[in-house]
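Let me begin by presenting the structure, written as C-alpha cells, before commenting on it.
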C-alpha cells in the first residue's frame, strides 16, 4: 500500500523496539500494523504516529498484520482543550473496539475527519459527538430517522411519546414495552431537523445514543467514558 490516508487509533510497545499500531484507514478500514524500530529513541515514527494526526502511510505484507515502511505527516487540526481531547479518545476507542477489521468505511472515514476538525474549533463538543454517533450507527447497519417510527413507518407526531430500540430505531410504545421510552415527539422532530441547541433535545439524543453505544459494546464499559466522567467530577469538586 502506498500513500494511504490513515489515523492512529491506539498504539503500544511490540517486542523490544517496535510499535503495534491500530489504524483507521480510508481503503482498509480498521487494521493493525507493525512499526519496526518505531519504539527506539532515534526513530521519527515514535513522534509521528500520534492519535488525531492526519497521516499518509506505506506498508507491505500479505498477512493480516502489515509492516510499516513510510510515514508522511499531513497538516491538520489539533485537539488542545480537555473536552476535545477526551472526545477524540472516545471516538478512537469506539472505532477500535467495535469497527470490523479490514472493512472499508469511506463515509465514516470522512465523518471522522470532519469530527476531528469540528472538535478542534469548539468547546461545545456534545452536538459534534451526537452527529458522529449517528454516522457510526449508519456504518454499523443501525441507522435510523429521528422523525419516523420504524415499526409502523409513520412520521413522528408532536404530542405523542415514543421509544427507542437499537435494532429498529424510533418506535411506537406498546403496553409492557421495556425499550428506552418516554421520548416526546416534539423533541424527536427537532432532532430530525438537526436542532441540537435546546437542552431537552441534547438530553434525549444523549439517552438514545448511549443506549445504542451500550448495545454495540455488548455491555462492556468504555474506558474513555469513565475517564471523561471522572475528570468532570473532579473539576466540579475543585
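The values are calculated or read from the model by the stated rules, or taken from the named source; none is laboratory data. This structure is a prediction, so every number in the text was calculated from the model and none was measured. Cβ atoms come from the backbone with ideal geometry, glycine included; neighbour counts cover every protein chain shown.
For the stretch 96-125, the set of residues classified as free of Cβ contacts under 8 Å to residues at least 12 places away in the same chain and in contact with a strand residue (DSSP E or B) (Cβ under 7 Å, 6 or more places away or on another chain) is empty. With respect to the stated conditions, residue 98 fails to be modelled with pLDDT under 95 and either within 17 Å of residue 212 (Cβ to Cβ) or not assigned by TED's automatic domain parsing to the domain that holds residue 32 (or both). Exactly one residue among 55, 89, 79, 68 is over 28 Å from residue 225 (Cα atoms), touching a residue at least 12 places away in the same chain (Cβ under 8 Å) and either in contact with a helix residue (DSSP H, G or I) (Cβ under 9 Å, 6 or more places away or on another chain) or assigned by TED's automatic domain parsing to the domain that holds residue 11 (or both), and that residue is 68. Residues considered: 79, 142, 95. Of these, the only one that is at negative phi and surrounded by 20 or more Cβ atoms within 10 Å (Cβ to Cβ) is 95.
Let's see how each residue does on (1) in the same structural domain as residue 90 (by TED's automatic domain parsing); (2) in contact with a strand residue (DSSP E or B) (Cβ under 6 Å, 6 or more places away or on another chain); (3) surrounded by 18 or more Cβ atoms within 10 Å (Cβ to Cβ):
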position	(1), (2), (3)
174	yes, no, no
183	yes, yes, yes
187	yes, no, yes
190	yes, no, yes
194	yes, no, no
198	yes, no, no
208	yes, yes, yes
